[in-house]
Amino acid sequence: MRILVVGSGGREHALCWKIAASPLCDKLYCAPGNAGIAAIAECAPIAVEDIPALVAFAKERSVDFVIVGPEGPLVAGLADAMEAAGIATFGPSAKAAELEGSKGFMKDIAAKYRVPTAAYKRFRDPEAAKAFAHTLPLPVVVKADGLAAGKGVVIAETHAQAEAAIDAIMRDRQFGEAGAELVVEDFLDGEELSFFALCDGAHALPLASAQDHKRVGDGDTGPNTGGMGAYSPAPVASPEIERRIMDEIVRPTVAGMALEGRPFKGVLFAGIMVTGAGPKLIEFNVRFGDPECEVLMLRLKSDLLPALMAARDGGLDNFDLRWHDSAAVTVVMAARGYPGKPETGTPIKGLDAAARIPGAVVFHAGTRLNAAGDVMAAGGRVLAVSAVAPDVKAAQKLAYQAVDAIDWPGGFCRRDIAHRAITRS
Ligand code: AMP
Ligand code: GLY
């Protein structure tokens with residue numbers, strides 16, 4: 001098979017790494033890819049938003065199967081465009097991707113199909129949103145409806161903060177048109193968990209759980225980021241909790257989306273709060289998490305490709321995946337300045353030494369090769385330095401050994417990734 005992966009992050013490097021190992025894969029392309037991906041796939045410099053160019057490329061290269069990494073192109077209809085051109089694609093249609101593209105839509109689906117989630121209301125008028133926020137206990141949560149790269153959520157500790165957030169999102173359009181509508185909802189208290197299931201429109205196959213660290217600083221302090229590290233499995237995800245997530249959240253959503261005429265195919269990423277009353281849905285994403293994908297791929301024993309094909313073709317009810325009984329940890333190395341204005345263009349050395357550490361794998365998240373063939377930082381999150389070992393403590397140790405082998409003065413990382421899992425075990 002000739003495969004095209006769309007995206008340029010650590011998630012896409014991990015997907016390419018796993019797919020390149022599949023006996024079914026004859027040729028692997030990635031658009032646009034990065035310096036790490038270029039070592040295992042042929043990279044094509046096409047932006048993920050450029051749907052016509054991606055379709056033209058896939059046709060020209062006789063691609064058999066496309067795997068879409070990020071949410072932006074899915075919400076914009078990349079999977080629909082590929083399928084319309086006769087190219088099988090892993091990833092939801094635009095209508096199904098609204099589960100991530102509109103938080104209000106996601107909440108309405110949850111309410112209609114009785115998926116446990118925070119009580120909420122949708123608003124197009126800022127004054128009405130403020131009045132409702134005043135009726136909720138503190139903290140109160142304000143969310144831009146549309147895609148805002150993970151930044152459109154404010155947990156307001158006071159009603160004045162909630163009002164300011166509503167004005168910033170809706171009046172000042174801090175996140176552009178994503179803020180034309182907003183959701184105001186109750187705060188959920190508990191431990192957060194990322195849960196992944198493959199879906200074929202009718203059935204769902206659980207993958208595995210993971211937890212990420214969203215704050216930039218050690219001890220989970222400082223501003224939010226896309227994720228500074230992750231580990232899998234998540235100790236909070238007991239078999240009982242996983243069963244409840246599948247029965248109470250994933251399966252009702254898959255059934256509901258089919259009834260709505262928007263069958264969900266692809267990977268459903270449920271952001272879960274494990275509360276005293278059990279798992280509750282925070283939000284859905286319609287793609288793999290980043291950096292959660294990196295730790296999942298390290299733990300997956302089976303070939304990924306047939307599973308992704310079954311998600312597209314149907315038949316996940318007769319599918320089984322095998323996992324290594326080990327733990328994986330990934331530590332994100334970011335460019336100085338992230339999550340504000342990252343300093344790019346700094347050289348990264350020592351990658352080979354890091355990769356020689358048994359059990360360690362360095363995924364590239366934001367890199368490019370310069371004319372001399374040196375790896376340069378080209379983004380906020382730059383490397384996802386990962387390791388797999390029999391337990392989480394050993395995996396953490398290996399991951400930091402690999403981090404320490406990397407010579408990159410322009411970067412930084414947290415030193416405590418997986419601390420919660422280690423304390424628990
Ligand atoms: P998002 O960008 O939508 O992933 O949301 C960012 C983060 O906000 C989530 O990962 C949660 O930590 C937090 N969050 C969102 N909604 C709620 C809620 N209702 N209660 C508590 N935390 C929330
Ligand atoms: N790491 C969280 C996300 O991918 O949205």
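Values in this text are rule-based calculations from the coordinates and carry no lab data. Since this is a predicted model, take the numbers as computed values, not measurements. For neighbour counting, all protein chains shown are included, and Cβ atoms are generated from backbone atoms with ideal geometry for every residue, glycine included.
Structure notes:
- Between residue 324 and residue 177, the modelled label-to-label distance comes to 4.4 nm, taking each label 7 Å out from Cα in the direction of the beta carbon.
- Long-range amide H partners of residue 191 with built H, under 5 Å: 274
- Gyration tensor (alpha-carbon) shape descriptor, the stretch 333-425, a/c threshold 1.5: oblate
- Order of 163, 42 - criterion: other Cβ atoms within 10 Å of each residue's Cβ, fewest first: 42, 163
- Rounded is the label for the chain, because the ratio a/c of its alpha-carbon gyration tensor axes (a ≥ b ≥ c) stays below 1.5.
- Inter-site label distance for residue 47 and residue 221 at 7 Å from Cα along Cβ, in nm: 3.9
- Sequence of 83, 242 once ranked by neighbouring C-beta atoms within 10 Å, starting from the fewest: 83, 242
- Pairwise Cα separations in the stretch 1-135 fall into 5 Å bins from 0 onward with the following percentages, short to long: 2, 10, 18, 17, 15, 10, 8, 8, 7, 4, 2, 0.
- Shape of the stretch 335-385, Cα gyration tensor, a/c cut at 1.5: oblate
- Which of 102, 22, 232, 302 has the fewest Cβ neighbours within 10 Å, and the rest in rising order: 302, 22, 102, 232
- Listed by chain and number, the lysines whose alpha-carbon sits under 27 Å from that of residue 107, ignoring those within fewer than 8 places in the same chain, are 95, 121, 130, 143, 151, 214, 265, 280.
- The phi-based Karplus calculation (6.51 cos²θ - 1.76 cosθ + 1.60; θ = phi - 60°) puts the 3J(HN,Hα) values of the stretch 343-354 at 8, 9, x, 8, x, 10, 10, x, 5, 5, 4, 5 Hz, whole numbers, x for Gly and Pro.
- Applied to the stretch 129-146, the Karplus parametrisation 6.51 cos²θ - 1.76 cosθ + 1.60 on θ = phi - 60° returns per-residue 3J(HN,Hα) values of 4, 5, 4, 5, 4, 5, 7, 9, x, 8, x, 10, 10, 10, 10, 5, 5, x Hz, with x for Gly and Pro.
- Estimated 222 nm signal from helices in the chain, with DSSP H stretches of n ≥ 4 weighted -39500 (n - 2.57), rounded to 500: -8000 deg cm²/dmol
- Each residue, residue 259 and residue 424, gets one label point 7 Å from its Cα in the Cβ direction; the gap between the two is 3.2 nm.
- Less than 5 angstrom separates the built amide H of residue 407 from those of 349, 350, 351, all sequence-distant by 5 or more or on a different chain.
- In summary, the aspartates and glutamates within cross-link reach of residue 349, defined as a Cα separation below 20 angstrom excluding same-chain residues under 8 places away, comprise 374, 404, 407.
- Partners of residue 301 within straight-line reach, counting aspartates and glutamates whose Cα lies under 12 Å from its Cα and excluding those fewer than 8 residues away in the same chain: 320, 325.
- Vicinal HN-Hα couplings computed from phi for the stretch 73-87 (Karplus, 6.51 cos²θ - 1.76 cosθ + 1.60; Hz; Gly/Pro x): x, 5, 5, 7, x, 5, 5, 4, 5, 5, 4, 5, 8, x, 10
- Take every DSSP beta bridge whose two residues both sit in the chain; close to 80 percent of them are antiparallel.
- Backbone amide hydrogens, once placed in the peptide plane, bring residue 67 within less than 5 Å of 4, 5, 6, 90, excluding anything fewer than 5 places away on its chain.
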